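Report on one structure; see the data block that follows.
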């Protein structure tokens with residue numbers, strides 16, 4: 001064997017070795033988000049946007065993400081919407097298959113009401129509104145528990161965001177958790193007291209309050225603080241306020257509440273849309289659990305609100321899985 005042949009064999013061999021040593025990105029979510037859109041608002045919360053997501057990223061999200069979600073009543077808009085979506089149209093039982101606290105192969109691993117029990121003694125961490133800072137230590141306690149080692153997505157929901165100090169408590173608290181448990185965080189690694197799986201934190205705005213949305217520490221102003229922060233830092237946010245206040249034709253109703261009810265509209269724009277469609281054609285029925293009984297999201301008299309928030313959630317999950325959102 002001449003020297004040229006030997007060199008060629010060595011180059012090929014080193015190429016195979018380098019390829020074998022590279023991380024397979026299909027094994028888990030993307031650490032660095034791509035794309036330019038990070039807010040899942042009314043323009044994202046549409047079935048058309050959901051169906052435009054490349055299936056490969058929905059599949060990757062479903063197979064690799066393990067979600068811990070904590071909320072009270074208003075937070076059911078997301079969970080009930082997710083649980084019902086898999087029964088919407090042909091193939092959705094596979095595409096949007098989901099479990100609740102019981103992981104199963106090829107289904108989204110979703111843990112509902114997951115973090116409240118991890119609150120410090122005497123603290124109420126049922127949602128972000130009960131105690132504005134309790135969620136930080138409750139999340140640490142949850143993520144430090146070896147039983148939750150697989151969790152790689154965490155989301156907390158507001159009850160009523162009005163009157164809370166978002167700038168002082170929520171945003172810095174979320175940033176602290178990201179700095180500790182997010183990709184490259186101080187608590188991510190293989191040493192003592194660390195966890196191997198980094199966590200993606202999803203921000204959330206608060207629901208709309210009828211005739212009381214604008215002003216200091218009210219839902220519109222709070223939502224702008226949160227979405228501005230998320231856009232600046234490239235963090236994902238499920239924008240409850242935007243979804244609550246925009247009808248299906250993208251009109252904004254500033255006086256609306258959390259049920260599509262608006263005096264300036266002259267009724268309930270979500271109820272009107274539902275009345276003009278039927279289950280399986282334009283909307284689907286939300287469920288209390290995967291395969292469970294039909295229900296509305298809390299404080300709702302129609303299915304559209306929770307449908308839209310489930311669409312927005314899947315968009316975020318696909319983005320976490322590596323889709324650029326384009």
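The values are calculated or read from the model by the stated rules, or taken from the named source; none is laboratory data. Given the structure is predicted, the values throughout are model-derived calculations rather than measurements. Don't worry about glycine lacking a Cβ; one is built from the backbone with ideal geometry, like all the others, and counts go over all protein chains shown.
Within region 165-196, the only residue that satisfies the criterion of being surrounded by 14 or more Cβ atoms within 10 Å (Cβ to Cβ), touching a residue at least 60 places away in the same chain (Cβ under 8 Å) and part of a loop (DSSP other than H, G, I, E, B) is 183. Could you list, in sequence order, all residues of region 85-96 that are in contact (Cβ under 8 Å) with a residue 60 or more places away in the chain and within 16 Å of residue 317 (Cα to Cα)? Selection gives 85, 86, 96. Looking at region 71-84, can you tell me whether even one residue there is more than 25 Å from residue 240 (Cα to Cα) and either touching a residue at least 60 places away in the same chain (Cβ under 8 Å) or over 13 Å from the mean Cα position of the chain (by Cα) (or both)? Taking every residue of region 71-84 in turn, none turns out to be more than 25 Å from residue 240 (Cα to Cα) and either touching a residue at least 60 places away in the same chain (Cβ under 8 Å) or over 13 Å from the mean Cα position of the chain (by Cα) (or both). Within region 197-236, can you find the residues that are surrounded by fewer than 20 Cβ atoms within 10 Å (Cβ to Cβ) and within 16 Å of residue 173 (Cβ to Cβ)? Passing the criteria: 201, 225, 229, 233. Quick check, is residue 299 at pLDDT 95 or above, buried (at least 24 other Cβ atoms within 10 Å of the Cβ) and more than 18 Å from residue 46 (Cβ to Cβ)? Against the criterion (at pLDDT 95 or above, buried (at least 24 other Cβ atoms within 10 Å of the Cβ) and more than 18 Å from residue 46 (Cβ to Cβ)), residue 299 does not qualify. Of all residues in region 249-258, those satisfying the criterion of being surrounded by fewer than 22 Cβ atoms within 10 Å (Cβ to Cβ) and either modelled with pLDDT under 95 or in contact with a strand residue (DSSP E or B) (Cβ under 9 Å, 6 or more places away or on another chain) (or both) are 252, 253, 254, 255.
Among the residues of region 197-245, the one identified as within 22 Å of residue 130 (Cα to Cα), more than 18 Å from the chain's Cα centre (by Cα) and touching a residue at least 60 places away in the same chain (Cβ under 8 Å) is 222.
Please enumerate the residues belonging to region 292-313 that are in a loop (DSSP other than H, G, I, E, B) and in contact with a helix residue (DSSP H, G or I) (Cβ under 8 Å, 6 or more places away or on another chain).
Taking region 292-313 as the starting set, the residues that turn out to be in a loop (DSSP other than H, G, I, E, B) are 292-293, 295-303.
Once the filter is applied, which keeps residues that are in a loop (DSSP other than H, G, I, E, B) and in contact with a helix residue (DSSP H, G or I) (Cβ under 8 Å, 6 or more places away or on another chain), region 292-313 yields 292, 295, 296, 297, 298, 299, 300, 301, 302, 303.
Using the structure shown, decide if residue 322 is part of a loop (DSSP other than H, G, I, E, B), more than 30 Å from residue 176 (Cβ to Cβ) and at pLDDT 95 or above. Against the criterion (part of a loop (DSSP other than H, G, I, E, B), more than 30 Å from residue 176 (Cβ to Cβ) and at pLDDT 95 or above), residue 322 does not qualify. Scanning region 271-291 for residues that are over 17 Å from residue 261 (Cα atoms) and part of a loop (DSSP other than H, G, I, E, B) gives 277, 280, 284, 285, 286, 288, 289, 290, 291.
Wholly within region 31-146, which helices (runs of 4 or more DSSP H) include no fewer than the required count, namely at least 2 residues that are touching a helix residue (DSSP H, G or I) at 6+ places or on another chain (Cβ under 6 Å) and surrounded by 23 or more Cβ atoms within 10 Å (Cβ to Cβ)?
76-85, 134-144
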